[in-house]
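Heads up, the thing below is written out as structure tokens.
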Amino acid sequence: MKKNLYLLFVLLTSAPLYAQDINKIITKEYVDRLIKTLSADDMEGRAAFTPGIDKAASFIEAEFKSMGLSPLTGASGYRQTFFKDSTDNRPLFNVAGMIPGKSKANEIVVFSGHYDHLGIIKAEGTDSIANGSDDDASGTTAMIALAKYYKALNNNERTLIFIAFTAEEIGGFGSKHFSKTLNPDEVVAMFNIEMIGKESKFGKNTAFITGFDKSDFGKILQKNLVGTEFTFHPDPYPKQQLFYRSDNATLAALGVPAHTISTDKIDTDPYYHTVKDEYVTLDSENILATIKGIAKSAISIVKGIDTPVRIPKLVER
């Protein structure tokens with residue numbers, strides 16, 4: 001009888017651990033499905049204001065719904081609809097969902113990637129679709145996969161927001177709108193993910209963080225990865241000014257420790273902003289490893305243990 005009770009106890013206590021195994025939640029098959037769908041030809045390059053980006057938004061909405069994310073507070077659905085300016089009546093839309101925090105619900109951690117790209121561009125041969133597989137279907141895929149992981153983990157003390165930004169390629173309008181919908185002082189950290197489809201210059205199981213010296217965000221992530229095979233590095237391309245070229249920049253200017261994580265060799269990438277940025281050019285194992293590295297590195301921020309220092313504000317609200 002005692003032996004049977006012990007076996008029952010082991011089964012009951014190990015079941016949650018099994019369910020939370022990152023290797024069973026974020027699989028290669030799952031990640032490949034996301035990125036292949038987002039960068040397929042029928043998405044037509046996901047340019048702002050096109051049917052292709054509307055189709056991509058619907059796909060992301062369905063993923064959020066299937067995993068049980070909540071809409072943002074006060075929102076009726078997953079889309080944040082807005083307009084580029086007062087002279088343009090064409091709608092733009094971010095796609096966002098959240099996991100409410102348990103004990104620190106007013107402290108927010110953002111995970112993001114931009115899901116728009118260039119659309120139909122000048123043809124190379126017979127191909128005119130800029131699929132944007134790396135830029136930034138890879139980052140959007142990571143954001144969705146991280147949402148699935150943290151939803152399964154169910155131990156976030158802080159509120160987690162997962163958002164796919166629109167219109168990054170035409171001026172960062174999606175992230176600019178998002179910054180106006182919340183109090184930046186309540187945002188503890190932002191993990192913006194862009195172009196993780198190829199091995200970084202530091203080798204396998206590595207990624208770099210833009211603006212590494214502007215807060216201790218990177219040091220916290222590195223601390224959480226001690227004992228694992230993955231490592232983060234400072235941005236090796238300072239001349240490219242990548243910290244100010246992605247969707248982290250708006251919140252960073254408001255004082256948020258908002259950084260972009262990437263692996264792209266941006267100075268030599270032959271596929272950047274071309275029709276050749278397709279799934280076949282990507283290293284799917286690199287994408288998978290980077291997503292898992294981010295998931296593990298963020299855990300102390302997600303659980304409310306670590307709080308990165310603020311970045312000096314560049315602008316006032």
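What to note about this one:
- Among residues of the range 109-134 that are without any contact (Cβ under 8 Å) to a residue 12 or more places away in the chain, those with a Cβ under 8 angstrom from a residue that is polar (S, T, N, Q), sequence gap 6+ or separate chain, pair up as LYS122/SER128.
- First in the range 43-58 and in contact (Cβ under 8 Å) with a residue 24 or more places away in the chain and over 16 Å from GLY113 (Cα atoms), second anywhere and of a type in the set (Gly, Ala, Ser) and surrounded by 23 or more Cβ atoms within 10 Å (Cβ to Cβ), Cβ under 8 Å, 6 or more apart: MET43/ALA56; GLY52/GLY45
Listed here are the residues, each with its yes/no results for (1) touching a Gly at 6+ places or on another chain (Cβ under 9 Å); (2) among the charged types (D, E, K, R); (3) under 30 Å from VAL280 (Cα atoms).
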{"site": "GLY74", "(1), (2), (3)": "no, no, no"}
{"site": "GLU107", "(1), (2), (3)": "yes, yes, no"}
{"site": "ILE120", "(1), (2), (3)": "yes, no, yes"}
{"site": "GLY125", "(1), (2), (3)": "no, no, yes"}
{"site": "SER133", "(1), (2), (3)": "yes, no, yes"}
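- Residue check for SER300: among the hydroxyl-bearing types (Ser, Thr, Tyr) and farther than 25 Å from HIS117 by Cβ: yes
- Restricting attention to the range 71-101, the residues being surrounded by 14 or more Cβ atoms within 10 Å (Cβ to Cβ), under 22 Å from the mean Cα position of the chain (by Cα) and at pLDDT 95 or above number 16.
- Just one of the listed residues (THR166, THR159) is in contact with a Pro (Cβ under 7 Å, 6 or more places away or on another chain) and at pLDDT 95 or above, namely THR159.
- Hits in the range 162-199 - residues which are in contact with a helix residue (DSSP H, G or I) (Cβ under 8 Å, 6 or more places away or on another chain) and polar (S, T, N, Q): THR166, SER175, SER179, ASN192
- Applying a threshold of 9 Å to beta carbon distances and a minimum spacing of six or more residues, or different chains, the list of pairs starting in the range 70-85 at a residue that is touching a residue at least 40 places away in the same chain (Cβ under 8 Å) and ending at one that is aliphatic (A, V, I, L, M) and outside any strand (DSSP E or B) reads LEU72/LEU182; GLN80/LEU72; LYS84/ALA48; LYS84/ALA167; LYS84/ILE170.
- Checking GLY293 against (1) more than 19 Å from the chain's Cα centre (by Cα); (2) surrounded by 16 or more Cβ atoms within 10 Å (Cβ to Cβ), the condition it does not meet: (1)
- Criterion violated by GLU63 - all others in (1) over 22 Å from GLU157 (Cα atoms); (2) part of a loop (DSSP other than H, G, I, E, B); (3) of a type in the set (D, E, K, R); (4) touching a residue at least 24 places away in the same chain (Cβ under 8 Å) satisfied: (2)
- Scanning the range 74-125 for residues that are over 23 Å from GLY171 (Cβ atoms) and in a strand (DSSP E or B) turns up GLY97, MET98, ILE99, LYS104, ALA105, ASN106, GLU107, ILE108, VAL109, ALA123, GLU124.
- Filtered residues of the range 292-310 (kept if over 23 Å from ILE25 (Cβ atoms), β-branched (Val, Ile, Thr) and out of contact with any strand residue (DSSP E or B) (no Cβ under 7 Å at 6 or more places or on another chain)): VAL309
- Test: residue in the range 204-226 that is in contact with a Phe, Trp or Tyr (Cβ under 7 Å, 6 or more places away or on another chain), among the aliphatic types (A, V, I, L, M), within 20 Å of TYR271 (Cβ to Cβ) and surrounded by 15 or more Cβ atoms within 10 Å (Cβ to Cβ): yes
- Close pairs (7 angstrom Cβ cut-off, 6 or more residues apart or separate chains): farther than 10 Å from ASN248 by Cβ in the range 209-220, of a type in the set (A, V, I, L, M, F, W, C) and surrounded by fewer than 22 Cβ atoms within 10 Å (Cβ to Cβ) anywhere: LYS214/ILE311; SER215/VAL309; SER215/ILE311; ASP216/VAL309; GLY218/PHE212
The values are calculated or read from the model by the stated rules, or taken from the named source; none is laboratory data. Since the structure is predicted, the reported quantities are computational estimates derived from the model, not experimental observations. Heads up, the Cβs are rebuilt from the backbone with ideal geometry, glycines too, and the neighbour counts pull from every protein chain shown.
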